[in-house]
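Remarks on the structure that follows.
The values are calculated or read from the model by the stated rules, or taken from the named source; none is laboratory data. Note that this is a predicted model, so its numbers are computed, not measured. Neighbour counts run over all protein chains shown; Cβ positions are idealised from the backbone, glycine included. Heavy atoms of the whole protein, side chains included, go into the accessibility calculation; ligands, DNA and RNA do not. Shrake-Rupley method; radii C 1.70, N 1.55, O 1.52, S 1.80 Å.
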Amino acid sequence: MKRVLYLFAICFLYTNLCAQNENFENVYKACMLAQSSMSYGQGSQAEIREATDLLTKTPWSPLILQDVDIKHEASIKNHLVFSPEFLKAVVDNRSVYRHAERYREEQMAEQRGGDVLLCTKCVKAKKSVVYAIRHTGGNANIAAVAEVNGLINLSVVVKDQNGNESKPYKITSDEFKGAPARKLKSITVPNGNSIIYITIENKSEKDKSVAIIVE
């Protein structure tokens with residue numbers, strides 16, 4: 001009986017972890033669809049609808065980040081907000097971009113539930129910003145997706161409760177010019193009161209909004 005219960009617990013844990021990872025991948029996919037739907041200044045109705053559906057159906061919560069170095073944050077006005085409400089509005093009225101700040105505020109007030117966390121930030125051209133989030137330990141998945149024509153880098157450093165810092169976790173391919181999206185998976189965070197520092201670098205010639213996704 002003990003062995004059966006042990007196997008059941010293992011299966012339950014594995015199923016739960018797979019579901020969590022699937023939610024992370026769905027939110028990432030939705031942000032990628034939102035990005036590609038705006039290519040060449042033409043909104044792809046099918047991609048916008050798919051992105052909206054994924055962000056509506058997938059459990060996620062607002063990502064509340066601590067500001068570490070945000071002097072190069074830019075205004076979100078006239079930029080893409082990675083939220084289902086904003087994407088729905090894009091379909092009906094392109095002037096919604098003028099009201100991007102309101103949609104971002106609404107995004108941060110969302111209470112959808114779920115272990116995947118999502119927010120939208122905007123970074124000045126050729127600049128970087130740094131945020132932080134607390135973590136109690138385990139594995140962390142982190143990704144960033146730029147709006148259309150954006151090129152970014154993502155770097156993560158973990159500081160444990162004793163003040164020891166990890167090496168930077170990042171993707172080095174095309175680091176000089178950046179990439180439309182960056183996805184880091186399975187960062188090991190020490191147990192305890194750790195801090196994850198997230199650096200977003202905008203390599204683009206223009207200010208760009210960025211979706212930050214954490215699990």
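Structure values in brief
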| read-out | value |
| --- | --- |
| Within the stretch 188-213, considering residues that are assigned to a strand (DSSP E or B) and more than 15 Å from the chain's Cα centre (by Cα), the one modelled with the lowest pLDDT | Thr188 |
| Top-ranked residue of the stretch 142-167 - restricted to ones that are without any contact (Cβ under 8 Å) to a residue 40 or more places away in the chain and open to solvent by less than 70 Å² (accessible area, probe 1.4 Å), ranked as nearest to the chain's Cα centre (by Cα) | Val158 |
| Any hit, the stretch 18-37, residues being modelled with pLDDT of 95 or more and open to solvent by 80 Å² or more (accessible area, probe 1.4 Å) | yes |
